[in-house]
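The values are calculated or read from the model by the stated rules, or taken from the named source; none is laboratory data. Note that the coordinates shown come from a computational prediction; the quantities given were computed from them, not determined experimentally. Every residue, glycine as well, gets a Cβ built from its backbone with ideal geometry; the counts of neighbours run over all protein chains shown.
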Amino acid sequence: MDFTATLQVSQTIVNELTGSSFVHKMQGLLFKSQGFDKLGQKYLDHHAEEMEWVEKYASRMLDLGCVPQVKVCQESTLIEDPEAYIAADLKLQREGVEKLYQMLPVLASDPTTYDITKAYLADEEEDQYWSEEQLDLIKKIGKQNWLTKMM
């Protein structure tokens, strides 16, 4: 069986997820330094969870006899305003979820990677729903009340 598509998809996910995961970690540290401990911890935990997905994809590549390439993530500027960050991250989440949906048919001939990606997609959709919920909550209770909840 030709695993070229699997390896390309897996490498793409490893590269992009490693970069976005690191940004989540840095944002978590920033939010904690601003006194938003709950929000900061949410993003630190998110980083750890995302790195588990990176490990799953990298392990799959190694199982298939391919050594993953390590690519440095792109430069990213941290966003100090929590609401603005969640809105910006939501935009990226939506784009990422769409890409994952497009990747699934490519992986149809590799049930193992397909199942990993399907589970990862469900996790990403859950993250997207959380961000949408937070932005909706800000509209309903006001930013200051929401920020108080994030302390």
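For Met1, the conditions (1) surrounded by fewer than 17 Cβ atoms within 10 Å (Cβ to Cβ); (2) at pLDDT below 95; (3) part of a helix (DSSP H, G or I) all hold with the exception of (3). Of all residues in the range 131-151, exactly one satisfies the criterion of being of a type in the set (Asp, Glu) and touching a residue at least 40 places away in the same chain (Cβ under 8 Å), namely Glu132.
For the range 8-26, the count of residues that are closer than 14 Å to Tyr85 by Cα, touching a Gly at 6+ places or on another chain (Cβ under 9 Å) and crowded, with 17+ Cβ neighbours inside 10 Å is at least one.
Beta carbons closer than 8 Å, at least 6 apart along the sequence or on distinct chains, pair a first residue in the range 104-130 that is free of Cβ contacts under 8 Å to residues at least 60 places away in the same chain with a second that is hydrophobic (A, V, I, L, M, F, W, C) and exposed (fewer than 13 other Cβ atoms within 10 Å of the Cβ) for Tyr114/Ala108.
If you filter the range 46-76 down to residues that are in contact with a helix residue (DSSP H, G or I) (Cβ under 6 Å, 6 or more places away or on another chain) and small (Gly, Ala, Ser), you find that the one that is farthest from Leu17 (Cα to Cα) is Ser76. Of all residues being small (Gly, Ala, Ser) and part of a helix (DSSP H, G or I) in the range 34-48, which is nearest to the chain's Cα centre (by Cα)? Just the residue, please. Across the range 34-48, the extreme among qualifying residues is Ala48. For the range 9-58, a tally of residues being over 22 Å from Leu135 (Cβ atoms) and not aliphatic (A, V, I, L, M) returns 14.
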